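Quick note: the coordinates plus some simple rules give every number you see, no bench work behind them. The model shown is predicted, which means the values in this text are computed figures rather than measured ones. Cβ placement follows ideal geometry from the backbone for every residue including glycine, while neighbour counts extend to all protein chains displayed.
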There are 2 protein chains.
Amino acid sequence: MRKCTMNKMKKHYLGICFLISIAINIISSIYIYYAVDGPWGEKNREINCQSSLTWSLKAAEEAEAVAAISCSGHGRAFLDGSISGGQPVCECYSCYGGTDCSELSPGCAANADSGDPLYLEPFWMQNAADTAVVISGWHRMSYHPIMSTELDKYIRKLHSIVGNAITQDRHIVFGVGSSQLLSAVVYALSSTTSSSPSSVLASIPFYYLYKDQTVLFNSKNFRFEGDAKLWQSNNSINNKDVVEFVTSPNNPDGELRKSVLRGKTIYDHANFWPQFTPIPGPSDQDLMIFSLAKLTGHAGIRFGWAIIKDKDVYEKVLKYICLANGGISKDTQLRVLKVLKVAIKEGGKPFLNFHITK
Amino acid sequence: MRKCTMNKMKKHYLGICFLISIAINIISSIYIYYAVDGPWGEKNREINCQSSLTWSLKAAEEAEAVAAISCSGHGRAFLDGSISGGQPVCECYSCYGGTDCSELSPGCAANADSGDPLYLEPFWMQNAADTAVVISGWHRMSYHPIMSTELDKYIRKLHSIVGNAITQDRHIVFGVGSSQLLSAVVYALSSTTSSSPSSVLASIPFYYLYKDQTVLFNSKNFRFEGDAKLWQSNNSINNKDVVEFVTSPNNPDGELRKSVLRGKTIYDHANFWPQFTPIPGPSDQDLMIFSLAKLTGHAGIRFGWAIIKDKDVYEKVLKYICLANGGISKDTQLRVLKVLKVAIKEGGKPFLNFHITK
């Protein structure tokens, strides 16, 4: 079209060029209308993308940049991780080294990361958009409320879907990991008169924390007395104040244990999830403890909960959590809420089946 | 231009219309080039904005939408807050009600939210972009490491900038609020022989947790014995094992207290920040406890730290934290890191001066 030269043109050529020019004008206008300012909202969407994300954009970009750092599947870079040259670098799992964790250390003994349920990482990566949490700088600055009612609600939904615990007419208390709840419930169940401390027992082999915490606190109200079965054969529980830990299912044999002593009983249900054992029906015990670490693999989120039938016991456990540390961090509660929402999606199927398909 | 009619036009009119049309073509082309595909990167930036944020975009949009809900300055909507019709709604502060918290309850007694340092919310809102945290669903799923080395580093930087504590050659342990550290350090400092429990004391008026925690744990290793000064007048500390809490500065009078008994001493420095008291110089005590709640107003983040000179004491405190709850949630540690980075920006001036300018 730029080759059209007015002076040499005949009138009809001029007319054709003019029509072409007009046509280009019309096409340009349509293009500008639809692509730039158009009614389909392309421009609006693009502008919204920039203008709707204001304060969270920088943090989101940072998080995605760190997540994109490759560590060869043998490590991970973190937002609060090691820094080199101003940039986060890979933190390699045991036995691996190098800037991208691709170097296997010769002669390294495996199993150094045992106990960490990192095998669930891929599930959370596949569900990245639904489990990401954005926390503002001013999120829940107050002490109150100690426990999120939304989170309480989702924990109840979770149990109802999985069918592993009755929560109706029960109280729920959150703890810093189920570990903190172990000592909180021993406190709540044990004697308050130092003249006759309660006996804390568990059947061997038992989780080391049952004993170690009791020794740590060295309370006048309770003392650890070892194996429940052995103790039973040497004692009568008549007139004895006993608190028994029952790990059900037991680790590592998966046995659904029952109380031996039939006194005050704490059901440690950390592993009572379909990925570890078939669920015969909802547990209806007076005091049940669950842990996020075993359910979703988030051991780094210190979060557990106790489901409690008796109101007085519930109030004592709550008092313990409040006095010991003023409750659970609000950021932790928000993150747990997000994680549980994904775990129970579609009746829990994608999450619970992930273990089977792996 | 659309009024030009070919049939009735003279040649020069046609020429003028043609030139106008060409000019429009050129202008349209330039507009399309710069505004849509242009070399200044407008389009690229818009496309990047959408394509570079993948998994974090949804969470970021959610967080900003909740933050934009107006609660009249008398409440706040939260991501994990109350829901109505599928949407988060305002949670009103005491004495306020209505969907946007604009209704003042008649005859309501004020001060129901006392103790919550919400007056710092505006600072964190002004620094929203720097303090937002985006946490992926797979962030630090492992138990290890218990404590972030980056956060440890920033706590030391903070003290060096503020000049309120010596951290060189000291150990730092994180706790679930400074509250948990109070009992962890009493454990670490007290007698391990139950035959002679340590005496725990503090000068009146003292922080209620000093006593309440000691009573809660009812340990064989220590017992609370009330006012340090009164106790001193009735006892000799020769051959006595004492653990003394010194709140410095004291609350509410701000006095920089010193140890009365000069035995084992815990300096509770929760309020030892320039916004509460002039800092005469860095504290050089054997055992110092600080709290995030008092420094930045984040009472809802349960986080405190102890600075410890003696290695054995440090190891005992760490053991306590590990056994009691397996450390501090990784999400909490990440959030604290973000907050502290902003608090120490520009030598801490914007943050520390915020209190003065308010």
Between A:Ser52 and B:Lys319, how many nm apart are label points set 7 Å from Cα along the C-beta direction?
5.5 nm
What relative contact order, as a whole-number percentage, does region B:53-114 give when Cα pairs under 8 Å and 6 or more residues apart are counted?
24 percent
Going by Cα centres, region B:190-222 and region A:200-253 are how many Å apart?
26 Å
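Are there any trypsin sites (Lys or Arg not before Pro) in region B:179-261 that are in a DSSP loop and have at most 12 other Cβ atoms within 10 Å? List them by number. Numbers along the way, then the final one.
Working: sites: B:Lys211, B:Lys220, B:Arg223, B:Lys229, B:Lys240, B:Arg257, B:Lys258; in loops: B:Lys220, B:Lys240, B:Arg257, B:Lys258.
Sites meeting the loop and neighbour criteria: B:Lys258.
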What order do you get for B:Trp305, A:Trp273 when you list them from fewest to most C-beta neighbours inside 10 Å?
A:Trp273, B:Trp305
Give me the dipole magnitude in Debye, nearest 20, for region A:149-357 about the Cα centre, with unit charges on the beta carbon: positive for Lys and Arg, negative for Asp and Glu.
400 debye
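Nearest 0.05, what FRET efficiency do A:Asp286 and A:Tyr208 give at R0 = 25 Å with Cβ-Cβ as r? Intermediate results must be reported in sequence, preceding the final value.
Numbers: r = 24 Å, r/R0 = 0.97.
The value I calculate is 0.55.
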Can you give the FRET efficiency to the nearest 0.05 for A:Met125 and B:Ser94, using r as the Cβ-Cβ distance and R₀ = 51 Å?
0.75
Mind listing the label-point distances from B:Gly98 to the same position on all other copies, shortest first, one decimal in nm, points 7 Å along Cα→Cβ?
6.5
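Take the eigenvalues of the Cα gyration tensor for region B:132-218, scale each by 5, and report the square roots as semi-axes in whole Å, largest first. Before the final figure, lay out the partial values.
Working: eigenvalues 188, 72, 42 Å².
Sorted largest first and rounded, they come to 31, 19, 14 Å.
In the P(r) worked out for region A:68-114, what percent of Cα pairs fall beyond 18 Å?
Numbers: 302 of 1081 pairs.
Above the 18 Å cut-off, region A:68-114 has 28 percent of its Cα pairs.
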Using a simple spin-label model with points 7 Å from Cα along the Cα→Cβ vector, what separation in nm is obtained for B:Lys349 and B:Ala109?
4.5 nm
Take the alpha-carbon positions of region B:149-357, form their convex hull, and give its projected area averaged over all directions (one quarter of the hull surface) in nm².
11.6 nm²
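If you rank B:Glu150, A:Glu62, A:Glu255 by fewest surrounding Cβ atoms within 10 Å, what's the result? Can you show the working numbers first?
Values: B:Glu150 20, A:Glu62 17, A:Glu255 13.
By the 10 Å Cβ count, ascending: A:Glu255, A:Glu62, B:Glu150.
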Teacher prompt: B:Gly226 distances to equivalent labels in other copies, 7 Å Cα→Cβ, nm
4.2
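I need B:Asp284, A:Asp80, B:Asp152 ordered by Cβ neighbour count within 10 Å, fewest first.
Values: B:Asp284 11, A:Asp80 23, B:Asp152 18.
If I rank by nearby Cβ atoms, fewest first, I get B:Asp284, B:Asp152, A:Asp80.
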What is the calculated FRET efficiency for A:Lys309 to B:Ser195, with r their C-beta to C-beta distance and R₀ = 35 Å, to the nearest 0.05?
0.35
Along the Cα→Cβ direction, 7 angstrom out, place labels at B:Ser236 and A:Leu256. What is the inter-label distance in nm?
6.7 nm
What does the charge count near A:Asp212 come to, summing +1 for each Lys or Arg and -1 for each Asp or Glu among other residues with Cβ under 14 Å from its Cβ?
+4
At B:Lys349, with labels set 7 Å past Cα in the Cβ direction, how many nm apart are the copies from this one, shortest first?
6.1
Considering the rotation that carries chain A onto chain B, locate the chain A residue whose Cβ comes closest to its axis and report the distance in whole Å.
A:Ser21, 1
